[in-house]
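Notes follow once the structure below has been shown.
FYI, it's all coordinate maths here, none of it is from the lab. All of these numbers come straight from a predicted model, not from anything done at the bench. So basically every Cβ, Gly included, is an ideal-geometry build from the backbone, and we count neighbours across all protein chains shown.
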Amino acid sequence: MFLAINWQEVLDAIFNWCKTSGIKILIGLIVLFILFKLTNLFSNRIKKRLIKKNADKTVAYVVNQIIRKGLKVLWLLLFLGYIGIDTASVGTVIASLSVCIGLAVQGSLANLAGGIVIFIMRPFRIGDFIEAQDKSGTVESIHVFYTHIVTGDNKVVMIPNGTLANDVIVNYSLKDTRRVDVKFGIAYEADYLKAKQSIEKLANSYEEVLKDKDIFVKMSSHLDSAVEISVRVWVNKDDYWAVYYRLLEDVKRKFDEQQIEIPYNKLDVNLKQK
């Protein structure tokens, strides 16, 4: 036999629930939505004010994330208490699950610890050009678990903070100046002094090259088929790549004009007739 369902009683029960608990949950959700929106506005305003006062961008972004996520967790707990869920019980369940979750997300916890280390030690800041984990790019943002860098070809690379905090980090933006190192090879038969003077003249003609530091142009090695000349000049960090590529082009053009041979691998083939 089938159980008879009194649909009128079911509809009345649903209607009564909507008039009591349903309305309460709806009001709570609306208030929670408004609080989340206000939290976003408040945290963004704090971030903009910090940046406006010339605070470190890294600090501004991390403070923004802490305020935003911390307040949202608080609003969520208040919402659960408002609709009648015992938050103490929720806390007990969370505490019980935290051990199991901790074992499952050891990598995430390591990333969290790495993010804290990066925030405290600040080996780099937002906007710095760094190299780490065989990746190089500009730091776009530092999150709790990952650091986002943008490569030269506009790719976003997300590096886990745990590995980043324990890896070798090269920060190209920490100092105001950088040294441009370039090596050129000329044939043994070429006029070395002429080549050296040409390079020195070119380097001195660049406005970007810092004249208060020595311009280094010296013979650095005797290779199998070439004499190697090392060139080292100092520039402001923003001028590094411009001077690097310009120096390569100008030295090649100057050597061609002065008929200074740049050697390359050659293969002589002799044919014998029988």
*What nm value, rounded to one decimal, do you get for the distance between residue 24 and residue 246 when each label is placed 7 Å out toward the C-beta?*
7.3 nm
*What's the exposure ranking of 147, 163, going from fewest to most Cβ atoms within 10 Å?*
163, 147
*asked:* Tell me whether region 132-206 comes out rounded, prolate or oblate; compute the Cα gyration tensor, take square roots of the eigenvalues as a ≥ b ≥ c, and use a/c under 1.5 as the rounded threshold.
replied: prolate
_Based only on other Cβ atoms within 10 Å, what is the fewest-to-most ordering of 217, 73, 182?_
73, 182, 217
_If a paramagnetic tag sat 7 Å from the Cα of residue 168 along the Cα-Cβ line, which residues of region 116-141 would have the backbone N under 14 Å from that point?_
131-135
_Cβ-placed point charges (K, R +1; D, E -1), dipole of region 123-171 about Cα centre in debye, nearest 20_ = 100 debye
*Arrange the following residues from fewest to most other Cβ atoms within 10 Å of their Cβ: 215, 34, 186.*
34, 215, 186
*asked:* On alpha carbon coordinates alone, what is the Rg over Rh value for region 123-171, Rh being the Kirkwood radius?
replied: 0.90
_With +1 on the Cβ of every Lys and Arg and -1 on the Cβ of every Asp and Glu, and nothing else charged, how large is the dipole of region 177-257 about its Cα centre, in debye rounded to the nearest 20?_
200 debye
*Tell me, what is the FRET efficiency for residue 76 and residue 148 to the nearest 0.05, using R0 = 35 angstrom and their Cβ-Cβ distance as r?*
0.85
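At a Förster radius of 30 Å, what calculated FRET efficiency corresponds to the Cβ-Cβ distance of residue 41 and residue 120, to the nearest 0.05?
0.60
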*Gain in span if fully extended, residue 34 to residue 179, counting 0.36 nm per residue against the direct Cα distance*: 46.9 nm
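Per 0.36 nm of contour for each residue apart, how much would the distance between residue 204 and residue 220 grow if the chain were fully extended, relative to their Cα-Cα spacing?
This chain segment gains 3.7 nm when fully extended.
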